[in-house]
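Here, each number is a calculation from the coordinates, and none is a lab measurement. In this text, all values refer to a predicted model and were calculated from it rather than measured experimentally. Note that each Cβ is placed from the backbone with ideal geometry, even for glycine, and that neighbours are counted across all protein chains shown.
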């Protein structure tokens, strides 16, 4: 009832107490009263708390979910969609006309589907004589067969149809894919029509979404390949109710390719982690690429590991390099959680094309994995990519919001992760960079005014020969061919049980060790506040290693954070990890410089976990002279920051002390200035 009224549960009880006309229970007891659904719905409409259109549709949805006790999920979806499709094909005539309607429906199905392509056998297997009447009510409440069919598809999770729910994408991602195809423009430019094909169609969510972006005056032919007979028949019914009559849609049940499509849209089949390989996913993308006819576009949802760093000598790296050089136009890294049934399964979007008018030698990369995929983000991504692919694209007229133009050579030379790296344009260098220098001088002036006797020169100047420094991934810096040449070493944290971590006040410092984990890195807990007894450490975690002074502690979950352990001899708690500067790396990094570079590196956060592993983070390799100067500046900034923190703490304590003393009458303020 609360869901139906779109309120919290206690509101229903309040209404029942305050309103004399509130419906009375019709069954149940005082603990679990049951109400007549239509009577409650009428009360909501009468009192202005809901509209009739919304209530009728929701009531039918709740009715459908109760049918799960009568049928198995697959059978229920099959019966419901077949009856809806049958009514649609019969000019939307009601299904339940008389008591002998079921045999008549079976004869009607045989007449309308003589080849048994989508509903004849489903109607013949129907034995519940009351179900057609329920479907009639559903169609009337949904204002048509199309809406009724889509309502059943929307309820697939609640109906228990896990095989249909498992591949369902978040609505925002479906919208992104549909808009990236630019189907309306394709239909206008093609002399024939929009020919849309999905080689892994499933229930047809993407096909329906792309077709919905077309205008009513634009002809369309939909084609799908579906190896599952049940899904193929369901998809035929779904397309049939959308008035895509004979010749305007085709669903193939075999493994043959479909030539001639000018738009291909698909989601690669899900494979568990232990069965999934990057090269296998890339081969599926390549299979789609070879089907593209001249001028065609493909939008593919693929596992996110297809965009990660690869071994340059692997088959996957070679295959991805060929794809990037030939057909890839754009790649988008997405946040996690966009496959709701599998929230830990992360995906990316690949845009392929064979148009010769778009820029050669460049690929558009976008990374929005650090933010929710909202409609605003979707619109910005679509504008970035579609504007860039236009023949009349002018970079001076359109500033990309999320996407970065990246040379193909840079992506295939070292098989690095497909994450955008911004390179300054001439316009940005002539305007933005001087503003940075001016702002640095302004900040120096502000600091001097705050501390007149302590000048802080940053020595920030324009580089006469600007060029981005060489970058390397943490994987490259920590796992070189020979350990003695590694600049960094990466250590895992220790999994510590919660009962072994106690507050500082319960343990003596001499007999315990500090624990550094996500709370400390996120600033929710001060260093040293959480500790572990050394006996517990020795008995339960004999392989745990203590940190060393100058270790940099990093984590990407629950949020990216970096911290320098100046004191050392602490236990690093998983999921935090330690980056330790080696003897060779001391010339290239200092703890402060390393932490600062990690802070500036792009961090990848998904809805469930970090999409990018720590090993994939790229760090710039600075000149030794620059490292020395940056470390000196960072040290001075840290000293200033600590002094300010101590001063603020003293001010806060004095504020509390004086106020409390005056409040309880134990202190007074005098004009005496000598103590």
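Helix 145-154 sits at what angle to the longest principal axis of the chain, using alpha carbons and giving 0 to 90 degrees rounded to 10? Around 40 degrees separate the two axes. At each listed q (0.17, 0.21, 0.24, 0.30 Å⁻¹), what is the log10 of I(q)/I(0) that the Debye formula gives for region 609-650 modelled as equal alpha-carbon point scatterers? Calculated log10 I(q)/I(0) at the listed q: -0.72, -0.75, -0.78, -0.95.
Computed on the Cα trace of region 240-395, the radius of gyration divided by the Kirkwood hydrodynamic radius gives Rg/Rh = 0.97. Kirkwood radius, region 145-289, all distinct C-alpha pairs, inverse of mean reciprocal distance: 16.0 Å. Under the shape rule built on the C-alpha gyration tensor, where the axes satisfy a ≥ b ≥ c, region 443-575 is oblate, since a/c reaches at least 1.5 while a/b does not exceed b/c.
Give the order of 85, 525, 226, 293 when sorted by the count of other beta carbons within 10 angstrom, beginning with the fewest.
Details: 85 27, 525 16, 226 23, 293 12.
Ascending number of Cβ neighbours within 10 Å: 293, 525, 226, 85.
The ranking of 95, 507 from fewest to most other beta carbons within 10 Å of each one's beta carbon is 507, 95. Principal semi-axes of the equivalent ellipsoid, √(5λ) from the alpha carbon gyration tensor of region 292-380, are 23, 18, 11 Å from largest down. Over what distance in Å are the Cα centres of region 298-330 and region 628-659 separated? That distance is 48 Å.
At 10 °C and a viscosity of 1.306 mPa s, what translational diffusion coefficient does Stokes-Einstein give for region 514-559, taking Rh as the Kirkwood radius over Cα pairs? Give it in µm²/s as a whole number.
Working: Rh = 11.9 Å.
It diffuses with D of about 133 µm²/s by this estimate.
Relative to the compact-globule scaling 2.2 N^0.38 Å, provide the ratio for the alpha-carbon radius of gyration of region 108-186. With N residues counted in region 108-186, Rg over 2.2 N^0.38 Å equals 1.43. Estimated from helices alone, the mean residue ellipticity of the chain at 222 nm is -12000 deg cm²/dmol (sum of -39500 (n - 2.57) over DSSP H runs with n ≥ 4, per residue).
Relative to the longest principal axis of the Cα atoms of the chain, the long axis of helix 37-46 makes an angle of roughly 70 degrees.
If you line up the long axis of helix 624-664 against the longest principal axis of the chain, both from Cα atoms, how many degrees apart are they, to the nearest 10? Roughly 90 degrees between the two axes.
Remark: the Cα gyration tensor places region 376-420 in the oblate category, a/c being 1.5 or greater and a/b not exceeding b/c.
Treat the count of other C-beta atoms within 10 Å as a stand-in for reagent exposure and order 20, 89, 633, 594 from fewest to most.
Details: 20 5, 89 21, 633 18, 594 27.
The fewest-first ordering by Cβ neighbours comes to 20, 633, 89, 594.
How high is the relative contact order of the chain? Use alpha-carbon pairs under 8 Å, at least six apart in sequence, and give a whole percent. If you can, show how the numbers build up before the last one.
Details: 1016 pairs, mean separation 56.0, N = 675.
Value for the chain: 8 percent.
Inter-part distance, region 17-45 to region 110-129, computed on C-alpha centroids, equals 40 Å.
Any idea what diffusion coefficient region 500-583 gets from Stokes-Einstein, in µm²/s, Kirkwood Rh on alpha carbon pairs, 20 °C, 1.002 mPa s? Walk me through the numbers on the way to the answer.
Values: Rh = 12.9 Å.
The diffusion coefficient I find is 166 µm²/s.
If you find the alpha carbon centre of region 207-242 and of region 498-523, how far apart are they in angstrom? Taking the Cα centre of each part, region 207-242 and region 498-523 sit 58 Å apart.
From the coordinates of this entry, mean projected area of the Cα convex hull in nm² is computed, and it appears in [x] 44.4; [y] 38.2; [z] 63.5 under the label [x]. Relative intensity of region 520-640 on a log10 scale, I(q)/I(0) at q = 0.09 Å⁻¹, equals -0.28, per a Debye sum over C-alpha point scatterers of equal strength in the absence of solvent.
Apply the a/c threshold of 1.5 to the C-alpha gyration tensor of region 539-578 and tell me whether it is rounded, prolate or oblate. Oblate, because a/c is 1.5 or more while a/b does not exceed b/c.
If both residues of a DSSP beta bridge must be in the chain, then about 65% of such bridges are antiparallel.
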